[in-house]
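Just so it is clear, none of the values below were taken in a lab; they were calculated from the coordinates. Just so we're clear, the structure is a prediction, and the values are computed from it rather than from any experiment. Positions of Cβ are backbone-derived with ideal geometry, glycine not excepted, and every protein chain shown enters the neighbour counts.
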Amino acid sequence: MLFAAPTRLNFVVVGLVITAFLLFYGSFRSPRPEEQDLFESADAIPTILEASLAQPPARTTTHVEDVTHHVPPDDLAHRVQNETLGFQEIYMISLPGRTDKQDAFAVQAAFSEISYTQVDGVYGHEVPVKALPHTMGQSSNVIGCWRAHLNVYQRMVHEKVSTALVFEDDADWDVSLKEQLVQFARGSRFITNTAEDAFAHSPYGHDWDMLWIGHCGTWVLPDDNRRFFVIPDDYTVQPPEARVDNVDQPDMSHWESGPRGDNRTRIVFHSEGGVCTASYAISQKGARKALYHLSMVPYNSPVDWGLANLCKNKEYEFTCVSPWPQLVGVSRPTANTAKWSDIGYGPDSERVVEQGSSLHLVYPTRQNIPNFLHGKTIFHSQYPDIAPPMSIKEIGKAVGHVEILEPENLPEHG
């Protein structure tokens, strides 16, 4: 008992020493995450104030003149050639019962390394009359098609999707689509006044509403018929005589006539609209405009004509860009022609079996599926006399340039 007091004193001294050591050591250790927040919020105040006085706040605008980040060509290609082709989402519309078309699209997309979300098509007779614009007087099949596309726009607006590429289930494309889209993106950037090397929210430029890449006829906007992005010597361009099944087309005489005429020229331009919706891209602001003008006000047209009217009518400020010839076509399998369309073009009983083909394409993915399955790297065209078998790199090697035409060289409006 005589040594108890000194022992307690020793313990106290040792404890004080240990505590002092831990406090000293703690001044050098990294703070825990919750402590880090406190330190940063307090210590950073003078720095933040100094920075705010030294420079203006960061700007989020995407106008060309405000851009400081530049995109090298290789980066543009990388952004366009990903699994969603440079868009936030890809949607494929298909009636639930058309598993045959869904099978074909899945295989095409797999070999093209495209990722997509399937969206149910709509049977027109299931759309309640109360859900239609009060002026709608279209057939059941047309109503179903209209509603299916509007459902995509509604989903985009609700989920805040910035851009989406929309396919219908019978869409087809050349095996070199990703290479083609790089040149189209350069053209779209020019048409939307986005500097070629400027960073934009979309690799296709800013301030566009619709990119009509899969139409069956299109027109040049008369107010902007001097500015074109021109892609010559393009093996994916159909010969002129094969384009007659389109509803209408731009005048190509400036590029195809004369001693240096090139029938393999594709152009990209500010569009007055198009016909058919095999494929197109639409932006968030474009989806909002389309929902309003095609559903919420008096309306009575097929969906493609409604979109074309948006492109044409200046008051809607709906910016559309089209390529001619188109980049996405339509697959027609070897079968009874009644299988080809769910909109319908006459009684099914009057249809006959016809050989399969892909409209508006030269090296179609659908027709080359056997080559993909066998691991081949050389692909066949639908026009072997003028487009021999080639690799994807060779097929998609065309490079475009900007042209601003003088008044005397302006093509006639289609």
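Going 7 Å from the Cα of residue 158 in the Cα-to-Cβ direction, what parts of the stretch 273-298 have a backbone nitrogen less than 20 Å from that spot? Only 282-297 pass the distance filter. Can you compute the FRET efficiency between residue 378 and residue 117 using 1/(1 + (r/R0)^6), with r the Cβ-Cβ distance and R0 = 51 Å? Round to the nearest 0.05. It comes out at approximately 0.95. Among the listed pairs 130/314; 178/314; 101/289; 178/397, which have their C-alpha atoms separated by more than 21 angstrom in this model? Check vs 21 Å cut-off fails for 130/314; 178/314; 101/289.
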